[in-house]
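Read the structure below first, then the notes.
The values are calculated or read from the model by the stated rules, or taken from the named source; none is laboratory data. On a predicted model such as this, the values are computed, not experimentally measured, just so you know. Because the Cβ atoms are built from the backbone with ideal geometry, glycine has one as well, and the counts that use them run over all protein chains shown. Surface accessibility is based on the protein's heavy atoms, side chains included, excluding ligands, DNA and RNA. Shrake-Rupley method; radii C 1.70, N 1.55, O 1.52, S 1.80 Å.
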Amino acid sequence: MSAPVAPPAAAEAPLGPDVAAIRLEHAGLGVRLQVAVRGVLVVFVAATVLFVPPAHDRATCAAVTVVYTVAALGVAVWARDGGVAVARWAWLALFVDLAVLTWLTLLTGIATPQSWTADVLMTGFLLVPVLASATLRPKVCAAVVVPAVLVYLVSGIATQSANAEPWASLLLRTLVMAGVGAACVALSWIQRSRVTTIGRLVRARTDLLAELTDLERRERRALSEQLHDGALQYVLAARQDLDEARDTGAPEAFDRLEQALLESSRLLRSTVAELHPAVLERAGLPAAVRDLVASAAARGGFAAKLDLDGWPVDRRTPVDGLLYRTARELLGNVVKHAGATHVAVALTLLDGHARLTVTDDGVGVATTDVTHRLGEGHIGLASHALRAEAAGGALTLAPAPETGTVATVELPVPGLDRQGAYIGAGAGT
């Protein structure tokens, strides 16, 4: 079964400073929203106690309101400058909001059920889930919403006889309260999911920037290795053959000299083609992939089988460059890590999609190994997976039938119909 190669952000890794800063920023925005909504709730509670006072326990209700107002102001001052401590502990104030509203509602509803104070205060419970939804903690939001709904129901039952409210009305009001609470819990979860997604994107961007920074060094090292292990060895051999030919004049020395020079020139052309694949522009993707496979087979010492029948020779697509770079990365991995003896490469263009398949009979690689390498910062293959994903396609790895790995890149080709021709264009476009 094939498995998609995870982009760099999907690998489990500690939060970087950029991601942590984004989470802290969004948590701070949630705290500021809580402070604003709490201010509305404080004004509502104070106005209710002042203008719709209970028949009994007025002093107690007033004292609770004053203490609540002072506590809300204290939380607002403490949260003004933000910071890690505020983002981590500001949610505790939600239980203070719930406790004050519960105390006042039950006190006025049970002690003086004939007054309207409890009925008005019950309306304030609708603000409690809104306060809780501003957090990035869905469990905390649910821990506030559930008791808020229960207290709302109990308060309605306590004042039901005095208000002569039918049970159907009470249950319907409670249902609305529960619906608002459930929506707020879902909203909190959505907010957290969005922040997590943003964090993953930032981590992917950071990883790709790090790869770009390291790209020139890796390219220079790869070029140095190819020149040293390939053309340079033949040039040195040619020099020795030249000395022998000068001293002895033997025809065999001249033959070896010619062979060494031909091989070194071939390797140099191959290296230059990989650095700037002019053949991709002149002859198209199939010819460029053919050169890649031949070069990789020479470096890796494996037998290569190339299937280009599924790709029209004269067809150019917007994804040719991406397929070429991905093929170069996959074949480079086979040369360096697979230890393969046979490699098969297939290129097809069908049903509006371009597909590249590289199959080797080497040691193979498990998806867990890929994820582990990503966590250690080896993101060459993962960066190509991210580019394929950005183009609307995917890069997948799967075990070969017997041994080795099957790597598949599939990309949609814009403007291509199911028969492989461009919509509104001629066959040679």
(message) Along its three principal axes, how long is region 18-83 when you only count alpha carbons? Whole Å, largest extent first please.
(response) 56, 16, 12
(request) At 20 °C and 1.002 mPa s, grab the translational diffusion coefficient of region 61-103 from Stokes-Einstein with a Kirkwood Rh over Cα pairs, rounded to a whole number in µm² per second. (result) 194
(request) Find which of T123, G39, L107 sits farthest along the positive direction of the dipole of region 35-140, computed with +1 on the beta-carbon of Lys and Arg, -1 on that of Asp and Glu, about the Cα centre. (result) G39
(message) Based on the alpha-carbon set only, what is the convex hull volume of region 50-167 divided per residue, in Å³?
(response) 95
(message) Going by amide H atoms built from the backbone, whose H comes under 5 Å of the H on H342, apart from near neighbours?
(response) A303, D361
(request) Can you grab the distance from the C-alpha centre of region 309-325 to the C-alpha centre of region 167-184, Å, no decimals? (result) 59
(message) With the cut-off at 1.5 for a/c, could you classify region 99-202 from its C-alpha gyration tensor as rounded, prolate or oblate?
(response) prolate
(request) Pop the C-beta distance of A63 and R200 into the FRET formula with R0 = 51 Å and round what comes out to the nearest 0.05. (result) 0.55
(request) Can you sort H26, H384 by 1.4 Å-probe accessible area, starting with the largest? (result) H26, H384
